[in-house]
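The values are calculated or read from the model by the stated rules, or taken from the named source; none is laboratory data. Since this is a predicted model, take the numbers as computed values, not measurements. Just so you know, the surface numbers come from the protein's heavy atoms only, side chains and all, with ligands and any DNA or RNA stripped out. Shrake-Rupley method; radii C 1.70, N 1.55, O 1.52, S 1.80 Å.
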Amino acid sequence: MHAPSIWGILVVAVVVILLFGRGKISGMMGEVASGIKAFQKGMKDDDKPVERIQTNAEVEAREAEKSKDA
């Protein structure tokens, strides 16, 4: 299979512009860009360390230590 020529690429580009119009294409690209930004923000949020969840046994042990010290 051979690579498409410049004329084939131009024909496809013209057909896409005629079907979707310039406004729709720029609108779709804006939505894609905002989606990528939201994804990157979500990936940065995942890097933050999660606070440790305490179990009931740990809480009871700390309360016992506090009452023993008092």
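The table below lists the values:
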quantity: Residue 70 modelled with pLDDT under 85 and of a type in the set (A, V, I, L, M); calculated: yes
quantity: Residues of segment 20-60 satisfying the condition of being modelled with pLDDT of 85 or more, among the hydrophobic types (A, V, I, L, M, F, W, C) and open to solvent by 100 Å² or more (accessible area, probe 1.4 Å); calculated: 29, 39
